[in-house]
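Each remark here refers to the structure printed beneath this line.
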Amino acid sequence: MSFTVISQWGSVEFGTDEVGYALRYNSVVTPVTYDGAQASDSYPGGGLVAVGARQQSGGFQVVLAKGKGGFVSWSLDTSGNHLSSQDLSLDDVRAIESAVNEDINGDGTIGTPEGAPSGSGVLEGIFEQGRESTHLLGSSPEYTRTLRVVMLSARSSAEIVALCGVSHGSPHPENPNATVFSVEAQEQISEEDGSLVAVVTAKYKVSESENEWDPLPWERGDAWKFATQGVAVPALTYYQGTTPTPLTNSAGDFFEGVTVDEAQQKITITGNRQAFPSALAAAITNCVNDAPYLGFATNCVKVQGISGEAASEVVNEQTVWFWKVTVELLARQSGWNLLLPDIGFNYIDGGVKKRATVKGPDGEDIASANPVALNGNGGLQQGGQLPAILDRRIYKQITMSTYFGTPPS
């Protein structure tokens, strides 16, 4: 006698012989009969299709899928004869799944999905109607699952979604790196038998940033944006090799109103927070980096400002309020320190401040009408040397990575 296995739950193999349903236990093949005739996909009819069998007290249990949705259990005696039938609730089906380690209802999970409420008295069954996947070159893969939910009574969209295990952030059964970012539930009346059904469409995507699809907005990763631009700054120095030198005429006088273009980079960080960090924003605005940061040297990156606006999202039928916060950093090529020519009308000589003078028409000393070059220590530059360049930091320093982290690699 031929026997084709459909499934094996424990020590019981379920399948078909030449006539219809049969099960094999302890190497013995036993036909499954209903009202004296061997059951099959076409008998007793009604769209019933058996999916498996297992041993139970006094005989066997056969689980059958109903054509309109849902499942029914047959109790058999040890000879395979049908004794009774019982509709299975969703919780019943999930319990059997856990016992036999098989996804019976096709919802992509074995047993109860994490966080899903009880389905007892709510649903007859959940059936996956199809899966789709799209993966374009240069982008992350996207997935779509469509599930058909047969209900005993009307339920909210949130309950249906939770029962299906496709709430926002839920992982895809084939690719756990892809999580639900969009879900839609539409209730309708079946044209076949008038039953109440819901069609649930869940869309999955691999996050392009840390926790991008987390249901809680403030748990999602920040987004970074970089833009380079030029800016006009006063031209006080020029370079001789790598050394900054005061930009003066041949007589040592500075040019007024001369500017030069310098590259600077605008760095924008956007993210969500439970509350707006107003005290922090006030404390660190106009601060510069105390160590190299994002490829820029110390004192080259400045906090331009921190702004925010209140926002809300509906996540799993719950309204969540949060703040969209934007941080603007500005990195300047030459840094934010002031580079000042050391010039003045006075100088220090032997610890005494004296007025700078020049020779008058008759060789007498008269007060200089223009500032004179100093050597960086208060003294006069000698022999017509150019003034020293004073490097002055005027902004408070902070550790940027402590406050803003680093962009994703």
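Structure above, values below:
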{"read-out": "Positive-end residue of 360, 382, 344, charge dipole of the range 343-387 with Cβ unit charges", "value": "344"}
{"read-out": "Dipole magnitude of the range 1-69, debye to nearest 20 (Cβ charges: Lys/Arg +1, Asp/Glu -1, about Cα centre)", "value": "260"}
{"read-out": "Coordinate range along principal axes, alpha carbons of the range 4-153, Å, largest first", "value": "58, 36, 27"}
{"read-out": "Rh (Kirkwood; distinct C-alpha pairs) - the chain, Å", "value": "28.7"}
{"read-out": "GNM flexibility winner over the chain from 206, 12, 288 (Cα, springs under 10 Å)", "value": "12"}
{"read-out": "Mean Cα-pair separation over length for the chain, i.e. relative contact order, pairs under 8 Å, 6 or more apart, %", "value": "8"}
{"read-out": "Residue with peak Gaussian network fluctuation, the chain [Cα springs, cutoff 10 Å], from 355, 94, 392", "value": "355"}
{"read-out": "Estimated dipole of the range 123-206 in Debye, rounded to 20 [Cβ of Lys and Arg +1, of Asp and Glu -1, Cα centre]", "value": "380"}
{"read-out": "Test item: Cα-centred dipole of the chain, Lys/Arg +1 and Asp/Glu -1 on Cβ, debye", "value": "1840"}
{"read-out": "Relative contact order (%) - the range 123-206, alpha-carbon pairs under 8 angstrom, separation at least six", "value": "32"}
{"read-out": "The range 209-287: equivalent-ellipsoid semi-axes (sqrt of 5 x gyration tensor eigenvalues, Cα, Å)", "value": "45, 15, 10"}
{"read-out": "The range 215-243 and the range 275-317: distance between their alpha carbon centers, rounded to Å", "value": "14"}
{"read-out": "Highest-MSF residue in the chain out of 178, 373, 53 [GNM, Cα springs under 10 Å]", "value": "373"}
{"read-out": "For the range 343-387, fraction of C-alpha pairs farther apart than 17 Å, in %", "value": "30"}
{"read-out": "Cα principal axis extents for the range 123-206, largest first, Å", "value": "45, 22, 17"}
{"read-out": "Global geometry of the range 4-88, whether rounded, prolate or oblate, following the gyration tensor of its Cα atoms and the 1.5 cut on a/c", "value": "rounded"}
{"read-out": "Nearest 10 degrees, 0 to 90: helix 90-100 Cα axis against the chain principal axis", "value": "90"}
{"read-out": "Greater than 25 Å apart at Cα, pairs in 205/225; 205/302; 205/324; 225/324", "value": "205/302"}
{"read-out": "Euclidean distance of C-alpha centroids, the range 84-103 and the range 370-409, integer Å", "value": "76"}
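Read-outs throughout are calculated quantities, based only on the coordinates presented, and are distinct from any laboratory measurement. From a predicted model like this one, the values you see are computed outputs, not experimental measurements. Neighbour counts are summed over all protein chains in view; Cβ atoms, including those assigned to glycine, are modelled from backbone coordinates with ideal geometry.
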